[in-house]
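> Structure incoming, see below.
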Amino acid sequence: MSKNYLIGVDGGTESIRAGVFDISGNPLAYASTNYSTRFPAPGWAEQVPRDWWKALAGSVRKAVKESGISPEHISAMTVDTTCCSVVALDNFGEHLRPALIWMDVRSANQAEQVVDTGDSALRVNSNGKGPVSAEWMIPKALWMKQNEPRIYDQASTICEYQDYLNFQLTGRLVSSINNVSTRWHYDNTDEKINTKSNVPLSLLAKLELADLAEKWPGEVLRLGEVIGGLTPAAAEHLGLNSGLPVVQGGADAQIGMIGLGVVKPGSLALITGSSHLQLGLSEKAFHGEGIWGTYADALLPGLHTVEGGQTSTGSVINWLKNLFGESDYTALNRDALKLPPGSEGLIVQEHFQGNRTPHTDPRSRGAVHGLSLKHGREHIFRAAIEGVAFGSELIFESMRNNGFYPENVVISGGATRSELWLQTHSDVSNLPITLTKNPDAPLLGCAILSAVGAGFYQDIPSAVEKMVQVERVIEPNAQTNAEYQPFYESYKTSYSELRNIRKNLAD
């Protein structure tokens, strides 16, 4: 048996998953191991880094065993993780406190302090208008310095979940260009990724946080670069061979772009689940209101990543399913498919947990308007799916207003299991929606990076061409798109009208 197998690892919010793939991108086995999250106070969310390390071994060992592949036939491994899960380490690489994971927003006040600096590094936050998310690296580090100064001072390293695992695997402390470009306000426009000019020194100085630059890992690697080989201790822990190449990964959703084959300018990944994430690639840098980015070289050298996102999407649909007492979506989808576009005059604003883009308003809330006694639960269900699709189209519109025109949308996640949802997205945006054969985009993305690091392919686009396979394409219906237009326009005006209503109630 040849040494033609790869390991991908996806460190998520609730578990860490591992997959074994061949060099054509075919999965042989998957395994998952859960870990716990603590919520010490409202808005706080913490995990213990050692739990990640223990769970990593469980998943890798199970996946390799299930695949039937001997460790000596594995060529490389790559890890992706949640982004902005911030870790403080001592001189020995041990954590000083539980990690502040991505969903921890205790640093909301610090995020406002970041915006108040007016620093030029904030152009990636809606062209400097903000806000800056409390999820990001600098607000969390600032919270730590202001509220836990002893731990902050003791920390020789402040880094990501990603960096922590790679350090445990290889003994080398490095960061990923993907994380630092998208969430650390790291500026890579000069294409030199290890210079002090790329670190947001001016922003840090204004926050009296200049020493953070010395606590960040000193090296930054591009996606697909080899970090190093597994240490003997790490190899024993995982049941793999010592010296196995460990390849640089990045943030889970962005590595998912690679697993979806979104590696060319004009293409866009629509990653669906409890929330929606829209991630596209542009040949040129641009910044504008209603979008995040662009982030230079975050995915591939010479390309710029633009980002949009909806906070509550699949979570709204799941909430309705539970509210209606259904165990699955079969009946709701069947009945909703019988209705015309626009759900007979019903509009749902999907901001149940606020809005991420283009309004970036955490205080916005969901609404249903246009209700009559004619409407039943199937109307509300369909209108909610349409509302999510309207929200995605508004993000696409914001991108177009800033010079980026999505041409090819590739979708992954929960929405792919609903024909109604797929066709609605396509019709509302008048864009073809591509589905890939392997829906587990982050793990496949890691396998692709492993293949590049192991030398099977020259670069990421070459590997994508061989390892990502298209399942089918959903084509838009031009007539249905026209029928949706008045409902879409009504959806767009909903935000400002409802914001005024809520403001009056608050007053």
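> Any idea how far the Cα center of the stretch 107-180 sits from the one of the stretch 288-320, in Å?
Value for the Cα centre distance between the two parts: 19 Å.
> For the stretch 1-48 and the stretch 249-270, compute the distance between their C-alpha centroids and round to whole Å.
18 Å
> Quick one: plug the Kirkwood hydrodynamic radius of the stretch 5-250 (C-alpha pairs) into Stokes-Einstein at 20 °C, 1.002 mPa s, and report D in µm²/s.
Estimated diffusion coefficient is 116 µm²/s.
> Kindly provide the GluC sites (Glu not before Pro) of the stretch 203-291 that DSSP labels as loop, not H, G, I, E or B, and whose Cβ sees at most 12 other Cβ atoms within 10 Å.
208, 283
> Now for a separate question. Which one of 19, 218, 207 is farthest out on the positive end of the charge dipole of the chain, using unit charges on Cβ (Lys, Arg +1; Asp, Glu -1) and the Cα centre as origin?
19
> Only bridges with both residues in the chain count here: give the DSSP antiparallel percent, nearest 5.
Rounded to the nearest five, the antiparallel share is 70 percent.
> Check each of the trypsin sites (Lys or Arg not before Pro) in the stretch 158-260 and keep only those in coil by DSSP with at most 15 other C-beta atoms within 10 angstrom; list them in order.
Those that pass, being in a loop and sparsely packed, are 192.
> Note down the magnitude of the dipole of the stretch 262-507 about its Cα centre, charges +1 on Lys and Arg C-beta and -1 on Asp and Glu C-beta and zero elsewhere, to the nearest 20 debye.
I would put it at about 420 debye.
> Continuing with the same structure: Please compute the Kirkwood hydrodynamic radius of the stretch 262-507 from all pairs of different C-alpha atoms, in Å with one decimal.
Mean inverse Cα-Cα distance, inverted, gives 18.9 Å.
> Out of the stretch 1-99, which GluC sites (Glu not before Pro) are coil in DSSP terms and have no more than 13 other C-beta atoms within 10 Å?
Filter output for the stretch 1-99: 14, 94.
> Here is a further query. Divide the volume of the convex hull of the Cα atoms of the chain by its number of residues and quote the answer in cubic angstrom per residue.
Value for the chain: 143 Å³ per residue.
> Rounded to the nearest 5, what is the percent of antiparallel bridges among the DSSP beta bridges in the stretch 262-507?
70 percent
> Right, something else. Once you wrap a convex hull around the alpha carbon atoms of the stretch 366-507, what is its projected area averaged over all directions, in nm²?
12.1 nm²
> Translational diffusion coefficient, Stokes-Einstein: compute it for the stretch 241-342 using the Kirkwood radius over C-alpha pairs as Rh, at 4 °C and 1.567 mPa s, and state it as an integer in µm² s⁻¹.
Value of D from the Cα-based Kirkwood radius: 79 µm²/s.
> Further question on the same structure: Please name which of 368, 139, 413 has its Cα lying farthest along the dipole of the chain towards the positive end, using unit charges on Cβ (Lys, Arg +1; Asp, Glu -1) and the Cα centre as origin.
368
> A follow-up question, please. Pairs 140/321; 3/284; 65/264; 3/437: which exceed 32 Å Cα-Cα?
As for pairs spanning more than 32 Å Cα to Cα, those are 140/321; 3/284; 65/264.
> Rounded to the nearest 20 debye, what is the charge dipole size of the stretch 5-250 about its Cα centre when +1 sits on each Lys and Arg Cβ and -1 on each Asp and Glu Cβ?
Approximately 240 debye in magnitude.
> Using +1 at the C-beta of Lys and Arg and -1 at the C-beta of Asp and Glu, which of 55, 71, 253 has the Cα lying farthest in the positive direction of the dipole of the chain?
55
> Can you compute log10 of I(q)/I(0) for the stretch 4-146 with the Debye formula, treating each Cα as one identical point scatterer, at q = 0.13 Å⁻¹?
Taken in order of the listed q values, log10 I(q)/I(0) reads -0.70.
> Principal axis extents for the stretch 152-299, Cα atoms only, whole Å, descending order, please.
For the stretch 152-299, the Cα spread along each principal axis is 48, 40, 32 Å.
> Nearest 20 debye, what's the magnitude of the dipole of the chain about its Cα centre given +1 on Lys and Arg Cβ and -1 on Asp and Glu Cβ?
The dipole of the chain has a size of about 560 debye.
Where a number appears in this text, it was derived from the coordinates with a stated rule and is not lab data. As the structure is a computational prediction, the values presented were derived from the model and not from experiment. Positions of Cβ are generated from backbone atoms using ideal geometry, with glycine treated the same way; all protein chains shown enter the neighbour counts.
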